[in-house]
Structure formats: C-alpha cells, structure tokens
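Working notes, structure below.
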Amino acid sequence: MAKGRGSASWSARAVVALMAVSVLLLQADYVQAVIYTVGDSNVWTFNAVNWPRGKSFKAGDVLVFNYNPSSHNVVAVDSGGYNNCKTPARARTYTSGKDRITLSKGQNFFICNFPGHCESDMKIAVTAN
C-alpha cells in the first residue's frame with residue numbers, strides 16, 4: 001500500500017507543479033502588455049488618426065482613452081464603420097471618459113460617433129500582432 005500512496009502523492013505534486021508553471025507563463029504574457037494613452041496630448045480628440053504611426057502594438061496591449069464624456073465617446077467599429085464614419089448596430093460604445101480597451105490580435109478600429117467628430121479624424125486604426 002505504501003507504494004501506491006507514494007505514486008499518488010508524486011502524481012499530485014506533479015499536477016500542482018504543472019499548474020504553477022502554467023500560471024507563471026500566463027502572467028508573463030500579461031506583464032509584457034504595454035499601456036498606451038491615446039492622443040499626442042494624452043487626450044482623445046480631433047486629428048487623432050495619425051497617432052498610431054510608428055508604434056508597435058501587440059494583442060493584449062491596452063489603449064487608454066481620456067476625454068470629456070459630455071463631448072466625446074469611443075466606439076469600437078469594424079473597417080466599414082471606420083472608413084465611412086458609421087456606427088454598426090453591434091458596435092460597443094464606451095462613455096466613461098477614462099476607457100481602457102485591450103487590443104485583440106489583428107485590426108482594431110475606434111471612432112468618436114458624436115456628429116462630425118469621426119469626419120474630423122477623431123478615429124484610429126490599430127493593428128496588433
């Protein structure tokens with residue numbers, strides 16, 4: 001019987017060790033995430049369209065949008081919504097004035113859908129690798 005218990009004990013220790021390594025690996029990805037405050041003046045505003053240029057984004061990075069919620073918002077849109085400044089029916093709208101949005105892998109598009117704002121280049125397109 002002692003032999004059987006020893007095997008079970010070893011097996012349980014191995015499972016715990018594997019779980020600990022898995023948690024550390026997941027945290028390593030999280031630690032590598034970068035937080036970007038959107039806008040050259042650290043404010044989400046007009047003419048933001050060029051703000052992403054020269055930056056390297058990765059999936060899991062966080063964009064922080066700071067703005068006055070009575071004057072602006074942030075809407076996550078698809079490429080059509082971005083190009084045409086239109087809000088699709090299923091778009092997610094953020095209105096806190098201090099929004100934190102985690103980037104998904106691939107293209108991420110954001111606009112302000114207050115009248116005329118997107119048309120005044122209050123929009124950004126970010127590609128996360």
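All of the numbers you see were taken from the coordinates with simple rules; none came from a lab. None of the values given here were measured: they were computed from a predicted structure. With ideal geometry, Cβ positions are generated from the backbone for all residues, glycine too; neighbour counts draw on all protein chains shown.
Side notes on the structure shown:
- Here the spin labels are modelled as points 7 Å beyond Cα on the Cα-Cβ line, and at residue 70 and residue 84 they lie 3.4 nm apart.
- Virtual spin-label span in nm between residue 120 and residue 36, 7 Å along Cα→Cβ: 2.3
- Mean separation of Cα pairs under 8 Å and 6 or more residues apart, divided by the residue count, gives region 33-128 a relative contact order of 35 percent.
- Bridging of residue 86 to lysines at a Cα separation below 19 Å is possible for 123, once same-chain residues fewer than 8 apart are set aside.
- Length added when fully stretched, residue 50-residue 100, from 0.36 nm per residue minus Cα-Cα: 16.0 nm
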